[in-house]
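Structure, as structure tokens:
The values are calculated or read from the model by the stated rules, or taken from the named source; none is laboratory data. Source: prediction; values computed, not measured. Cβ atoms come from the backbone with ideal geometry, glycine included; neighbour counts cover every protein chain shown. All accessible areas refer to the heavy atoms of the entire protein, side chains included, with ligands and DNA or RNA removed. Shrake-Rupley method; radii C 1.70, N 1.55, O 1.52, S 1.80 Å.
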Amino acid sequence: QVQFVESGGGLVQPGGSLRLSCAASGSIFIIYTMGWYRQAPGKQRELVAMITSSGSTNYVDSVKGRFTISRDNAKISMYLQMDSLKPEDTAVYYCNTNPPTLKFWGQGTQVTVSS
């Protein structure tokens, strides 16, 4: 049974940086295309960035040039480096497969960008 656990969120000022981590519990992780998602208050959950098993990446336009997704298959982990953060990046961030698998949604990690 694969599980994903997100960590690394917090409160940061505009222009600051955070690095999110997603730890997987099963080695089958390495074959999945993975994604980072976020859900802001009152909004639908959206895909922010995705990465294939071979490392190809894609980003939503609003984070291009600011966020970097990566994965370490040896550590069965995935990361999201977030730079130049803006208040509109405030949300709960989740990791999941892409497309998402219902049973893999975790608790997420809260990111708050505020002065």
For the stretch 105-113, indicate whether the set of residues that are out of contact with any Phe, Trp or Tyr (no Cβ under 9 Å at 6 or more places or on another chain) and under 16 Å from Gly15 (Cα atoms) is non-empty. yes
Hey, any hits in the stretch 68-77 for a residue that's among the aliphatic types (A, V, I, L, M), free of Cβ contacts under 8 Å to residues at least 60 places away in the same chain and assigned to a strand (DSSP E or B)? yes
Name the residues in the stretch 77-100 that are open to solvent by 40 Å² or more (accessible area, probe 1.4 Å) and either of a type outside the set (D, E, K, R) or touching a Leu at 6+ places or on another chain (Cβ under 9 Å) (or both), would you? Gln81, Asp83, Ser84, Pro87, Asn98, Pro99, Pro100
Which condition number does Ile51 fail, the rest of (1) over 18 Å from Ala24 (Cα atoms); (2) without any contact (Cβ under 8 Å) to a residue 40 or more places away in the chain; (3) open to solvent by less than 60 Å² (accessible area, probe 1.4 Å); (4) not small (Gly, Ala, Ser) being met? (1)
Members of the stretch 39-74 found to be more than 12 Å from the chain's Cα centre (by Cα) and hydroxyl-bearing (Ser, Thr, Tyr), listed by number: Thr52, Ser53, Ser54, Ser56, Thr57, Ser62
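Table: residues versus (1) open to solvent by 60 Å² or more (accessible area, probe 1.4 Å); (2) farther than 12 Å from Ser77 by Cβ.
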| residue | (1), (2) |
| --- | --- |
| Gly10 | no, yes |
| Gly16 | no, yes |
| Cys22 | no, no |
| Phe29 | no, no |
| Gln44 | yes, yes |
Residue check: is Ser21 under 17 Å from Thr112 (Cα atoms) and either assigned to a helix (DSSP H, G or I) or in contact (Cβ under 8 Å) with a residue 60 or more places away in the chain (or both)? no
